Each structure stands twice: as C-alpha cells, then as structure tokens.
There are 2 protein chains.
Amino acid sequence: QSSSTSHQNSGEPSKQKRVMVIGGDGYCGWATALHLSKKGYDVAIVDSLIRRLFDHQLGLDSLTPISSIHDRLRCWKSLTGKTIELYIGDICDFEFLAETFNSFEPDAVVHFGEQRSAPYSMIDRSRAVFTQHNNVIGTLNVLFAIKEFRDQCHLVKLGTMGEYGTPNIDIEEGYITITHNGRTDTLPYPKQASSFYHLSKVHDSNNIAFTCKAWGIRATDLNQGVRCTKSSAIGLIMMGFCVQAAVGHPLTVYGKGGQTRGYLDIRDTVQCVELAIANPAQPGEFRVFNQFTEQFSVNELASLVTKAGAKLGLDVKTISVPNPRVEAEEHYYNAKHTKLIELGLQPHLLSDSLLDSLLNFAIKFKDRVDTKQIMPSVSWKKIGVKPKTVAA
Amino acid sequence: QSSSTSHQNSGEPSKQKRVMVIGGDGYCGWATALHLSKKGYDVAIVDSLIRRLFDHQLGLDSLTPISSIHDRLRCWKSLTGKTIELYIGDICDFEFLAETFNSFEPDAVVHFGEQRSAPYSMIDRSRAVFTQHNNVIGTLNVLFAIKEFRDQCHLVKLGTMGEYGTPNIDIEEGYITITHNGRTDTLPYPKQASSFYHLSKVHDSNNIAFTCKAWGIRATDLNQGVRCTKSSAIGLIMMGFCVQAAVGHPLTVYGKGGQTRGYLDIRDTVQCVELAIANPAQPGEFRVFNQFTEQFSVNELASLVTKAGAKLGLDVKTISVPNPRVEAEEHYYNAKHTKLIELGLQPHLLSDSLLDSLLNFAIKFKDRVDTKQIMPSVSWKKIGVKPKTVAA
Ligand SMILES: NC(=O)c1ccc[n+]([C@@H]2O[C@H](COP(=O)([O-])OP(=O)(O)OC[C@H]3O[C@@H](n4cnc5c(N)ncnc54)[C@H](O)[C@@H]3O)[C@@H](O)[C@H]2O)c1
Ligand SMILES: NC(=O)c1ccc[n+]([C@@H]2O[C@H](COP(=O)([O-])OP(=O)(O)OC[C@H]3O[C@@H](n4cnc5c(N)ncnc54)[C@H](O)[C@@H]3O)[C@@H](O)[C@H]2O)c1
C-alpha cells in the first residue's frame, strides 16, 4: 500500500513519494514534516511564517520558545542527514505557489497552512475577513495548482471537528444517509460552524468536494479534533487547564462546562496524515475522516486535571466564568471516528501518564506564563468593526 | 404587517421604511428598486457598476440597450416625482459601506450585489477567486455593518436554488428534519453546489446563519430559481431558447436535457422581496425561502418553445450538444416552495402569452444577437490558471 504514485517527471521506477507540507512551520505541520522525513519521504515545507507575526502582534509569547525555521532545518539535517526543502511565501500568491509545485513536483500535499485560531477570527472585522480570505483563497489556489500542474497529486487537507457543531444526532464521517418522504440519498453531513474560522473550514470542504467531482481531484479531509499535548497555543482547553493548575489559578470553565468535543494526541495527528498519504483517495474521491480518538466534556477534563494535580500535591479548584463564545453548554455529542482506525491508526489515549507529563511540563515553564492572558479576552458577541489591539 | 421598524434616528412616528438595494444597477436589483419606490418605500441603490465592466470585457452586448444609472434615475424622477438615492462604490470596501449605512440608515437591506454568473466563475482561476472573494467578503461586510450600525435592520439576501444541487430526495426550504439512529434534529439542508459561483452562495448562507445565531441578526435568504422573462443575460435557458428560435438556430440542449430546475418570473422576484420586507424575520432568525414558482426540465422547456414558435410560423429544431458543465443530466427533482405562497405570493406562471411575448421580443431584437455567443464557450473541466480572453 505504500508504493508511490511515482514522481511524474522521472523515468526511474520506485522513487520516494514527495510530500509538500503547507504550513510546515506551524505546530502540526512541523511535527508532520519531521515524521515523514524520518520515514523516508522527500519532504518540502511551504509556509509564509505569518503565524509568528500574529504571535508577536498579540503578545502571545509561546510557552516553549520556538527557534527559527532555518535553525530547525539545519538542526534536523545534522541530526539525521536528511534535507527538508523550504519555500517561504504565501499560498494566496498563486505565482509563488505555482513555482513551488513546478520545482518540487509533489505526489501529495498536506495542507495545514491556514489561520487556525477561532478566537483570532472573532477579534474584529478585519481579522474575520483575513481568516476567511486567507483560508478559502489559499485552498482554492492549491486546488488549481493540483489541477494544472500535478493532476494525480493527493490533497490531504486539515479540517476540524468544529465544522459539525453539536447536532442532536450522531455525527458521521463527512456524509449521512437520509431517508425522507420515502426516498433515500447519501448527502454531505450538515454543518453548523460557530466562528469565522470554523466557517472557513466549511467553505474549504465545499470547494474541495466540488473540484473532486468536476475535475477528478483526489482529496482527503481530516476533520481533526482538539489536540492535547505540549502545545504552545493558549486556548487549547487541556493545556490551558494544566497551565492554570501549575500557576495556582482555578480552572476556568466557560458557563456550564457541558461542551463536549473530540480530542487527540499530536502523535496521532502525524500518524493519521501518514496513513492518509500511504492510502490515497481515488481520482475524483472526496474522503472525509474524523480525526480524534476520545471525546470529553469540559467538566470531565477539569476533573481529570484536578485528580492528576492532587497526585502532584497541587490543590486545584474550578470556577465557572461567563462564556465568551456562543455555543450550547449542554448537548448530545456522539461523533463517529472509525475510518482511520480501519486504516490502522493506533491511538495514544489521554492516559494518566500523559496528563502527568503535561502538568510537569507546565510547572517547569510556569514563569513564562502571563497570567493576564489566562482569562478569556475575545468575546463572540463584542466583535466590532474597529481594529482591536488585543494585548498590551 | 407593513408597519415600519421605524427609522431609528427620528422622533417622528410613522415614517416610511427605508430600503437599501445593494446591486440596484443590476437586472433584479433595478426592477426591485423601482417597484419598492413605486410602493412608497424610501429607496437607495448601492452598486459598484462592476457588472457593466464585465459585459464590456466579455464582449456581451446586451440584447436590450442599458442606459446609465444616472439617466435611469433622472427618468424615474421625472416620471414619478420620486427620488432614489445612489451610492456608487464597492461593498468589499468597508469604509464606503459604513458611509452608506450611516448616511442612509436603512431599515432593510436587499442584497443583490454579487458576481452572479456561474459560467463567469468557471472561466479561469482569477475569475473563480474574484467571484468567491467579492461575494463572500461583500456579504461579511454587510453583516458587520448591520451589527455595528443598524442592529434591527433586516437583511434580505439573494441566494440560489443551485445551492441545493440535485439530491435524490425532496428539497426543503433551508432546513431538513432528520431522524438518525433513533434521534431527531432539524439541521441546515445539505448543499451540493456545482460552480464556484454557486459555492459562493453556500458560503454566504453559512456565514449569515452563524451571525443570526451569534449576534441576533435578522435575515431572510431567498433561494431564487432561474428567472424567465425579458432578460439581457445570455445563459438563461429560457431566453436563450427564444433567441435561438428567433434567429433560426436549433435549440441547443446540453447532453440529455433532463436537467430540471425551478423557474420564476421577474415580476415574482420583486413581489417576493416586498413580501419579505413587509414581514421581516425575527431577531436571530435565519429564514430560508425557495423563490421559484414552476419547475421544468430542459427538454420540457425546449418543447414549449417549439410549440410557441410553430404558432408564430417558426420551424424550431432541437440539437443536443456536449454539456460543458459537470452536472447530472437525468435526476429526481422535487423542491418545496410554499413559504412565500403562505405569505401571499401570487405567481405569474409561464403561460402561453408570456412565452409568445418573449419570442416576439427576441424576434424584434434579433439583429443585436451575436450568433458566435450562442454556443457554450465556458467548460467546467477546461478552466485553468492562465487569464483567459473569452470573446474576441
Ligand atoms: N491545533 C488544533 O487543535 C487543530 C484542530 C483542528 C484542526 N487544526 C488544523 O490543523 C492545521 C494546523 O494547525 P496548527 O495548530 O499547526 O496551526 P499553526 O498556526 O501552528 O500552523 C499553521 C501554519 O500555516 C502557516 N500559514 C497560514 N496561512 C498561510 C498562507 N496563506 N500561506 C502560507 N502559510 C500559511 C502559518 O504561518 C503557520 O506556520 C490548521 O489548518 C488547523 O485549522 C488544528
Ligand atoms: N438572474 C437569476 O436568474 C438569478 C437566479 C438566482 C439568484 N440570483 C441572484 O440575484 C442577484 C442579482 O442577480 P442579477 O441577475 O440581477 O445580477 P446582475 O449582475 O444584473 O446584478 C448584480 C449587481 O451587483 C453589482 N455588484 C456586484 N458586486 C458588487 C460589489 N462588490 N459591490 C457593489 N456592487 C456589486 C453589479 O455591478 C450588478 O449591478 C445575484 O446575487 C444573483 O446571484 C439571480
């Protein structure tokens, strides 16, 4: 199954698969690029580095310091002898993207390269517009580049479980079979996204589905859940709780805390992407996988952290704060996630040991935490049209 | 029911409702602006006039000559004594849009102001990107302007029946109640759009639905069918057939001709918009109406025109040409359209007399028809990344 859809321009028989990782300077993209490089794929990273700019603008110093992409690639080369190619530019600039396609000639493109923060997309009008423009036009350009330059190239696109919202019926993987007035059809699963960021992912999914049908593009949409592990991103509930526990701040639960979501470990992100690449979609096929391994409510997560904290001698309290988001706080949630397991995914579950290591990690770096940043500052209702300076 | 949600800034009791018609220089928008002005509403037109530029660029001379918006407004004033205000600018420019809101203070916004041609959106990459950017960002800006400046203003947005595609089950009005694994929920109707233009409408619908929920916006989405009447637009099947019959060209049916769609008369477009304005959505409500009155397959339309032609002594033939679009050519189609009827819509059906007048109209203006333009020139599959010059 891991035989390559060969590098089109070469006469040689079994060359390595060439994988372009868009957004490879980011959290998931970097981990994926390293994993694929280690596994013997030829890897190129495409990134505008814009995420670093956002972090500076918002005063979000990462919990872990992030060295430059050039340093990281040099370090990787010296550790493993492997070269990862680097193309710095914006995929909304089609001339740049065309260059990267014609120079690298990918067999698969893993597309992580989007503005991926829901609160960021809800700060003000210009960030909402930026998020939708950047994500939708970037993905359109990738689709056109594949059609024009590498028509057999497999697109592996990162979506999010948040596209589905919280319907009162089971969430299926991308499609649902509906019987209505005596007739039956299998249709795209209805989406109910709840931020301009999540909406941009829904728009992407719709655009990709159309090009698969109209042009025969092969695509896999990985609807990822929330990752829980050593992440630099504020706002990921799990890490947020560990940080709060570490600095002695009560765990802040938005509203009733019944909000339930799917979670997965970063090690499973890279595993899932590799499985998708090794088993590509057929020409014209738009495959959707729900990429998470466990589901928890916010209250369940808080009590896991409270217990883990107690073992380390921390006295962890929980408080409820007004929910800045507009979302159901008590709802049914049952999302399917069997397709990646069928392809061979071996999940890393949120065991006690992972939680312990997260907490220890947060304790170690707690001096880097700006406690002003802990309380929610972006409100779904207070978003306005004036450009907003978020942190001082 | 036609009592006004009063002009917020004034102390006077029963002022006329103020309606902003975005895209009021266009085909539907102009007819709507005149109708509302005649009915006593205070009307303003907002338009960038970009549609006129497209027509020049593509060499699409209109069948009926279109005089300048300034001339038309002067003419309206001299005929009726009524003034329609005019704001010329691009709604993607938020500063301009904010100006129009603060100056005109609308109680309702009717939003026709989008790139509305599916073939145009499929010419090349840059037109696909333009269509999605123009439509999605324009609508986002309108939503932000309402939230910020006129939070009680009712948005009446033109969508299209094409958002639904051709599912194998009945098409409902915006939402569908699904029972799945023993649980039931009413969810947004699944969409399967089939051009970058139709996709832009789906993106709009999703964005609007979210802001109704998150911000309490009141909105009505009118999923309009294909209009059949004296239209200037090439590509509307019905008018296309009449033109072909008039110039003695065989009616060109794409592929098998089983493609079925909903149709309506332009007089019903303006009626529907007025009904929506007079009966506004509630705060937070996202209402969806399917706005068409009859459904026909392409073959049915061809045979109607053939019969009407025979009465006028024309010998009308039909030929099948390869379908440039990617779409099902034989499919189930049954779309609901009762909500506007319930509000009081009195449909103008495609009676013999309308068809006769369409045909006579086409015969009168047949010298203005460029026969090279009759055959399809935009292919859904041949779209590429190089800017394309369409007509010579
Ligand atoms: N982090 C999560 O829990 C999570 C959950 C679901 C889905 N996802 C998705 O996974 C992907 C990666 O997430 P992440 O946490 O690694 O985000 P990240 O912000 O760390 O990485 C995204 C990278 O993409 C780059 N980028 C953005 N726009 C670009 C453009 N126009 N051109 C070139 N590069 C661009 C950024 O510079 C950044 O390096 C995103 O698409 C995100 O939506 C993440
Ligand atoms: N014609 C149909 O059969 C049909 C069917 C379904 C839906 N609709 C919808 O009805 C609406 C009007 O259709 P129409 O046939 O009158 O189209 P049209 O092209 O004649 O009118 C659209 C008008 O909007 C203006 N416009 C476009 N982008 C703008 C922007 N960014 N800022 C300001 N003005 C802008 C154009 O200049 C034009 O005058 C469209 O949204 C269309 O999608 C039409």
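The values are calculated or read from the model by the stated rules, or taken from the named source; none is laboratory data. These numbers come from a predicted model, not from an experiment. Cβ placement follows ideal geometry from the backbone for every residue including glycine, while neighbour counts extend to all protein chains displayed. Heads up: the accessible areas ignore ligands, DNA and RNA and are worked out on the full protein's heavy atoms, side chains in. Shrake-Rupley method; radii C 1.70, N 1.55, O 1.52, S 1.80 Å.
For A:GLY162, are the conditions met, namely being more than 13 Å from every other protein chain (Cβ to nearest Cβ) and either open to solvent by 10 Å² or more (accessible area, probe 1.4 Å) or away from ligand 2 (no atom under 16 Å from the Cβ) (or both)? Give the steps one after another, and end with the answer.
Details: more than 13 Å from every other protein chain (Cβ to nearest Cβ): no; either open to solvent by 10 Å² or more (accessible area, probe 1.4 Å) or away from ligand 2 (no atom under 16 Å from the Cβ) (or both): yes.
The answer is no for A:GLY162.
Scan region A:131-173 for residues that are basic (Lys, Arg) and assigned to a strand (DSSP E or B) and jot them down.
As a first pass, look at region A:131-173 and keep what is basic (Lys, Arg): A:147, A:150, A:157.
Within region A:131-173, A:LYS157 is the sole residue that qualifies.
Going through B:LEU79, B:LEU86 one at a time, which residue ends up being modelled with pLDDT of 95 or more, of a type outside the set (S, T, N, Q) and either within 17 Å of B:GLN152 (Cα to Cα) or under 21 Å from the mean Cα position of the chain (by Cα) (or both)? Lay out the reasoning, then the answer.
On the way: B:LEU79 fails: either within 17 Å of B:GLN152 (Cα to Cα) or under 21 Å from the mean Cα position of the chain (by Cα) (or both).
Only one candidate passes the filter, namely B:LEU86.
Report every pair of residues separated by at least 6 positions or lying on different chains whose Cβ atoms are under 8 Å apart, first residue within region A:24-48 and under 15 Å from A:VAL156 (Cα atoms), second within 16 Å of ligand 2 (Cβ to nearest atom) and hydroxyl-bearing (Ser, Thr, Tyr).
none
Quick check on my filter: what residues within region B:168-188 are without any contact (Cβ under 8 Å) to a residue 60 or more places away in the chain, open to solvent by less than 10 Å² (accessible area, probe 1.4 Å) and out of contact with any His (no Cβ under 7 Å at 6 or more places or on another chain)?
Within region B:168-188, B:ILE178, B:LEU187 meet the criteria.
List the helices (runs of 4 or more DSSP H) inside region B:245-363, counting only whole elements, that have at least 2 residues being polar (S, T, N, Q).
Values: elements: B:266-278, B:298-311, B:339-342.
Here the list reads B:266-278, B:298-311.
So A:GLU330 ticks every box in (1) touching a Lys or Arg at 6+ places or on another chain (Cβ under 7 Å); (2) charged (D, E, K, R); (3) open to solvent by less than 60 Å² (accessible area, probe 1.4 Å) but one. Which box is left unticked?
(3)
Among the residues of region B:136-159, count how many are within 14 Å of ligand 2 (Cβ to nearest atom) and more than 10 Å from chain A (Cβ to nearest Cβ).
Residues meeting the conditions: 8.
Pairs, please: C-beta under 7 Å, at least 6 apart or cross-chain, first residue within 13 Å of chain A (Cβ to nearest Cβ) and in region B:110-135, second open to solvent by 20 Å² or more (accessible area, probe 1.4 Å) and of a type in the set (D, E, K, R)?
Cβ pairs passing all conditions: B:SER121/B:ARG127; B:ILE123/B:LYS388; B:ASP124/B:LYS386; B:ASP124/B:LYS388; B:ASN134/B:GLU114; B:ASN135/B:GLU114.
Restricting attention to region B:95-106, report how many residues are under 23 Å from the mean Cα position of the chain (by Cα) and either open to solvent by 10 Å² or more (accessible area, probe 1.4 Å) or of a type in the set (Lys, Arg) (or both).
Residues that pass the stated criteria total 0.
Restricting attention to region B:97-130, which residues are under 30 Å from B:ASN279 (Cβ atoms) and either assigned to a helix (DSSP H, G or I) or of a type in the set (Phe, Trp, Tyr) (or both)? Outline the logic, then answer.
Initially, region B:97-130 is screened for residues under 30 Å from B:ASN279 (Cβ atoms), giving B:97-116.
Correct list: B:LEU97, B:ALA98, B:GLU99, B:THR100, B:PHE101, B:ASN102, B:SER103, B:PHE104, B:PHE112.
In region B:189-222, which residues are part of a loop (DSSP other than H, G, I, E, B) and either open to solvent by less than 10 Å² (accessible area, probe 1.4 Å) or more than 8 Å from every other protein chain (Cβ to nearest Cβ) (or both)? First the steps, then the outcome.
Taking region B:189-222 first, the residues part of a loop (DSSP other than H, G, I, E, B) are B:189-195, B:216-217.
Answer for region B:189-222, where residues must be part of a loop (DSSP other than H, G, I, E, B) and either open to solvent by less than 10 Å² (accessible area, probe 1.4 Å) or more than 8 Å from every other protein chain (Cβ to nearest Cβ) (or both): B:TYR189, B:PRO190, B:SER195, B:GLY216, B:ILE217.
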